[in-house]
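Before any comments, here is the structure.
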Amino acid sequence: MGVQISPSILTADFAVLADEVERIGNADWLHLDVMDNHFVPNLTFGLPVVRCLLRRSPLPVDAHLMIDDPDRWAPAYAEAGCASVTFHAEAARAPVRLARELRRLGARAGLALNPATPVEPYADLLPELDMLLVMTVEPGFGGQPFLPSCLPKIRRARDLIRASGLQVWLQVDGGISPSTIEECAEAGADVFVAGSAVFSASDAAAQVDRLRALARACVHA
Ligand code: DX5
Ligand code: ZN
């Protein structure tokens, strides 16, 4: 698939979300951050808002569920039509069962890892997954600085994926901008979430193109 850009609307104008989505029509995905004020300290939106955005988005939806008990709540996001549903390893009780359920419902299954969660215990789960998400900030808020301490884990995750021979995508999320995307691409990421870097730009589409070009140059370097 190569490099993909998935802008997060977390720091967009929530009063006009459908208009904000129109600004990034050249991106590959629309990243929606669902937060429940339990798994993370912040509260955003849930399925009703996601359903409305699914109807209005020209892009496939990449749902990032920062919620407790994804085993119970995540399948509804796949049923609603999210093309990719990512749940957190720290929150899931039965990640294999949940990933299988998401795939059965027609979504790509993603597993997210917080900065302090190691990737190695999940190596044997790669055949059950379509994407690994290595968080590059503590989840909960947009606009936080990128944590360079996550780079070795991106490299180890890429090595595990390569060794598996599987086509699992490796996403990074948090503090991704023109000044941090290259080191993530060099480390092996291929799907890039960017919130504030895209939505604070006056020309959001141009920023998406810029991020994509920077990452591509590193992936092929
Ligand atoms: C953080 C969210 C991210 C966030 C990224 O918990 O998962 O998707 O919106 O925002 P930036 O790019 O501003 O760090
Ligand atoms: Zn996210």
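Odds and ends about this structure:
Quick grid of which residues meet (1) in contact (Cβ under 8 Å) with a residue 60 or more places away in the chain; (2) more than 23 Å from residue 170 (Cα to Cα); (3) assigned to a strand (DSSP E or B):
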| residue | (1), (2), (3) |
| --- | --- |
| 34 | no, no, yes |
| 54 | no, yes, no |
| 74 | no, no, no |
| 99 | no, no, no |
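- Residues of segment 176-221 satisfying the condition of being part of a loop (DSSP other than H, G, I, E, B) and over 18 Å from the mean Cα position of the chain (by Cα): 179, 200, 201, 202, 203, 220, 221
- Count of segment 6-25 residues, restricted to those that are within 13 Å of ligand 2 (Cβ to nearest atom), more than 16 Å from residue 202 (Cα to Cα) and aliphatic (A, V, I, L, M), is 1.
- Unique match (being surrounded by 23 or more Cβ atoms within 10 Å (Cβ to Cβ), of a type in the set (Val, Ile, Thr) and within 15 Å of ligand 2 (Cβ to nearest atom)) among 172, 208: 172
- Condition met for residue 197 (among the small types (Gly, Ala, Ser), without any contact (Cβ under 8 Å) to a residue 24 or more places away in the chain and within 16 Å of ligand 2 (Cβ to nearest atom)): yes
- Residue among 70, 41, 7 that alone is surrounded by 14 or more Cβ atoms within 10 Å (Cβ to Cβ), touching a residue at least 60 places away in the same chain (Cβ under 8 Å) and within 16 Å of ligand 1 (Cβ to nearest atom): 7
- Taken together, the residues in segment 131-155 that are in contact (Cβ under 8 Å) with a residue 60 or more places away in the chain, more than 10 Å from ligand 2 (Cβ to nearest atom) and of a type in the set (A, V, I, L, M, F, W, C) amount to 2.
Bear in mind these aren't lab numbers, they're just calculated from the coordinates by the rules spelled out. In this text the structure is predicted, and so the values were computed from the model without any measurement. Note that we place each Cβ from the backbone using ideal geometry, even for glycine, and neighbour counts take in every protein chain shown.
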